[in-house]
Amino acid sequence: MGTKKILTILFVFFAAIVSISAQKAIYLTTEQLPNLIKCLPAPPAFDSPEFSNDIVRYAWGKQQRKDPKRAAIAKGDAIWDSIDSLFHQFAVPFGLEVTLEGTPEIYKLLTTAIYTIDQMRVAPKAHYKRQRPFERYDEPMLTGEEDNLRGEGSYPSGHALRGQTCALVMAQIAPENADTLFYRAHIYAQSRVIAGAHWQSDVDASRNGATIGYCVLQNCPAFIEQMKKAQKEYRKVKDEK
């Protein structure tokens, strides 16, 4: 085996280790973050008048599946295990492809912020134990996630929470792209309604929840310092293009 090949293997190996470490890093613990059970209203009860909007939106989502382009976007947005896939979905509105190798400071900021805010969904999911749309109607999902999601609380949406957090971080790095970033976050959240994974009220709550958590991050010294590094890196990379 040649030296070049060995070095390539070692680089990939150490990059994977760094990536795993980044996934474990957080800025604040659950106890330091707002409790969404206290911050947000309970999801609409299935026998309440408010639930009628969720029903209408579920029907809307099923109609959207008939559009091949929109269905493809929803399937791409459904990928959960790879945080890199999330960054790829937001690359166009952000104006930059975020990768561990190419933009390490931005990558570190995004992963740490997202995994920090991601903690906030755990308590309300366990508390409300809300049934997901595909379960309630016993219908297939667009994305084939039934086995992974069945029995897991629907409120709030983890995907929408991540998408909104991603937009918030990127908009702070590149405020000139805020409008397209938050529109992409909206599309990302609606993809979960189209997929049949969440009710409209689930994704709406998540976008509010992410914003609440992000406000707290603004007073975290480690976040503030990393944001400065990410903003500097963004300008540098953009200037080089």
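The values are calculated or read from the model by the stated rules, or taken from the named source; none is laboratory data. Here the structure is a predicted model, which is why all the values come from computation and not from measurement. Cβ placement follows ideal geometry from the backbone for every residue including glycine, while neighbour counts extend to all protein chains displayed. Just the protein is used for accessible areas: all its heavy atoms, side chains included, with ligands, DNA and RNA removed. Shrake-Rupley method; radii C 1.70, N 1.55, O 1.52, S 1.80 Å.
Restricting attention to region 94-108, the residues that are assigned to a loop (DSSP other than H, G, I, E, B) and in contact (Cβ under 8 Å) with a residue 12 or more places away in the chain add up to 8. Across region 147-162, a minimum of one residue is classified as more than 23 Å from Ala59 (Cα to Cα) and not hydrophobic (A, V, I, L, M, F, W, C). So, Thr165, is that one in contact with an Asp or Glu (Cβ under 9 Å, 6 or more places away or on another chain) and over 15 Å from Val193 (Cβ atoms) or not? Yes; evaluated as a whole, the condition is true for this residue.
Considering only residues that are out of contact with any Leu (no Cβ under 6 Å at 6 or more places or on another chain) and either over 24 Å from Ile212 (Cβ atoms) or at pLDDT below 95 (or both), which ones fall in region 99-120? Within region 99-120, Thr99, Leu100, Glu101, Gly102, Thr103, Pro104, Glu105 qualify. Within region 34-54, the set of residues being over 16 Å from Arg207 (Cβ atoms) and part of a loop (DSSP other than H, G, I, E, B) comprises Asn35, Ala42, Pro44, Ala45, Phe46, Asp47, Ser48, Pro49, Glu50.
Taking the criterion of being open to solvent by less than 10 Å² (accessible area, probe 1.4 Å) and not hydroxyl-bearing (Ser, Thr, Tyr), the residues of region 98-119 that qualify are Val98, Ile106, Leu109, Leu110, Ala113, Ile114, Ile117. In region 198-226, what residues are touching a Phe, Trp or Tyr at 6+ places or on another chain (Cβ under 6 Å) and of a type in the set (A, V, I, L, M)? Within region 198-226, Leu217, Ala222 qualify.
Hey, among the residues in region 64-93 that are outside any helix (DSSP H, G or I) and among the hydrophobic types (A, V, I, L, M, F, W, C), which one's nearest to Leu181 (Cα to Cα)? Restricting to residues being outside any helix (DSSP H, G or I) and among the hydrophobic types (A, V, I, L, M, F, W, C), the top hit is Phe90.
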